[in-house]
Amino acid sequence: MTMNLQIRRNVIKVSVLLGSLLWIMDGVLDYFFFYEGSFLGLTFTNIPPHELYIRLFWFGGLLVTGLFASWIINDKEEALADKREVEKFLRQSEEKYQQIFNNANDAMYLHELTEEGMPGQFIEVNDGACEMLGYSREELLSITPQDLDAGRKAQELPNILEDLHVKGHKTFEMYHEAKDGRLVPVEISSHLFEIDGEKRALSIARDISERKELQRRQDLFSSSLQQASLEVYWIKPDGKFAYTNEKVKEMLGYSEEELTEMYVWEVDPNPGHAKDKRKERWTELKEKGTLNFESVHETKEGDEFPVEITSTYIQHRSEEYEFAFAKEITKRKKAEKERQESEKKFRSYVENAPLGVFIVDENGNYLEVNEAACKMTGYTEEELLDMRITNIPPPEAVDIAMEEF
């Protein structure tokens, strides 16, 4: 701006100087050729009216011309300055764009579109694309996006391109084939725009291998829970079911919609698991981390069956849950009952036997004796259980007894 002002001042000074020089030259001509009088008079103090008019006309014309020229020069200088600023801005913008383009973590492609609307040859690619796929920049610039397509979703490509042309943008998933043959799952965000009247597409491809692997594990975990032979529950701190697997629905007879509105005590009639005990149970679970116990579950029809439950306290994304496995133990309970009844019956036989019954271990220690054995030996049951078989027979029979035993 200071430079422009100086140029304008210089142009005006030149105009004034030329006008003054013309004035003096006209005075010289009048003095020598056209009028009588002194040089100073004809030049400054006693100028003929006609000559004064001519001189003022030329002086004013030169001054106006100078002002006009200074305005034009200033305008051009400002235009040039603006152009330089724009060029500087564009150059800086291009450099910033190039830095952003090359330093982006995701792969970025700028490519043509054919007359048929298909992806054409790459025009520009960033470093992320080269690193992800293992190609050099020159190699990528010699091929098209279709050369990278692994073909796993070829049937979806027409619909993807149609949406891209209609909406101007599209986000979708594809598989790219790297130079070494690896399949790279990518999420692509494509945008259409025009450069010099020709359509171009800018695509940003993000490697979602980790996301896919995590999704695979989550699906495997979810499938395992759904198909587990045990009842699986995710229970909120207030006792409401957050998740139940297929086994729960099968065993209890409720639908998923019904279970998501139900609470623990609605399927577990155990008094210790009642609504008014929930806070106490939750506190105990948080303190111990894991609880193992037996309880009873009640079906929608009102039938009950025994279960063995393992509950674990879990924090997931800042939320708290009781993660519980329940195993039906009807057969085990039945077997335990039958064993207890068998033991009771056996004990009755032993107690009521008319002969002395002695049960000993491999070391000859008495494990169990009946009343007849006590009468036979004269010892109480407690005394016999503290003895060995060698304490009762005569010494000469000990060796025979041990051999027979």
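Every number here is computed from the coordinates shown, using simple stated rules; none is lab data. Just so we're clear, the structure is a prediction, and the values are computed from it rather than from any experiment. Virtual Cβ from ideal backbone geometry, glycine too; neighbours counted across all protein chains shown.
Spin-label model, Ser189 to Lys277: label points 7 Å out along the Cα-to-beta-carbon direction sit 5.4 nm apart. Pair-distance distribution of the range 224-328: all C-alpha pairs, bin width 10 Å, starting at 0; shares per bin in whole percent are 15, 54, 29, 2. Take the Cα radius of gyration of the range 338-397 and divide it by 2.2 N^0.38 Å, N being the number of residues; the result is 1.20. A compact globular protein would have a Cα radius of gyration near 2.2 N^0.38 Å; the ratio found for the range 114-196 is 1.10. Of the GluC sites (Glu not before Pro) found in the range 201-309, those in coil by DSSP whose Cβ has at most 10 other Cβ atoms within 10 Å are Glu261, Glu301. Here the translational diffusion coefficient of the range 260-405 follows from Stokes-Einstein with Rh set to the Kirkwood radius across Cα pairs; for 25 °C and 0.890 mPa s it amounts to 121 µm²/s.
Between the beta carbons of Ile143 and Glu308, assuming R0 = 60 Å, the FRET efficiency works out to 0.45 to the nearest 0.05. In this label model, Lys375 and Val357 are separated by 1.5 nm, measuring between points 7 Å along each Cα→Cβ vector. The trypsin sites (Lys or Arg not before Pro) of the range 311-359 meeting both criteria, a DSSP state outside H, G, I, E and B (loop) and at most 10 other C-beta atoms within 10 angstrom of the site's C-beta, are Arg317. For the range 319-393, the number of Lys pairs separated by eight or more positions or lying on different chains, with C-alpha atoms closer than 26 Å, is 10. Projected label points at Ala178 and Gln226, each 7 Å from Cα along the beta carbon direction, are separated by 3.2 nanometres.
Based on alpha-carbon atoms only, what is the radius of gyration of the range 210-265 relative to the globular estimate 2.2 N^0.38 Å? All intermediate terms of the calculation are to be shown ahead of the outcome.
Numbers: Rg = 12.9 Å, N = 56, 2.2 N^0.38 = 10.2 Å.
Normalised Cα radius of gyration, the range 210-265: 1.27.
Count of lysine pairs in the range 104-207 with Cα atoms under 22 Å apart, counting only pairs 8 or more residues apart in sequence or on different chains?
The result is 5.
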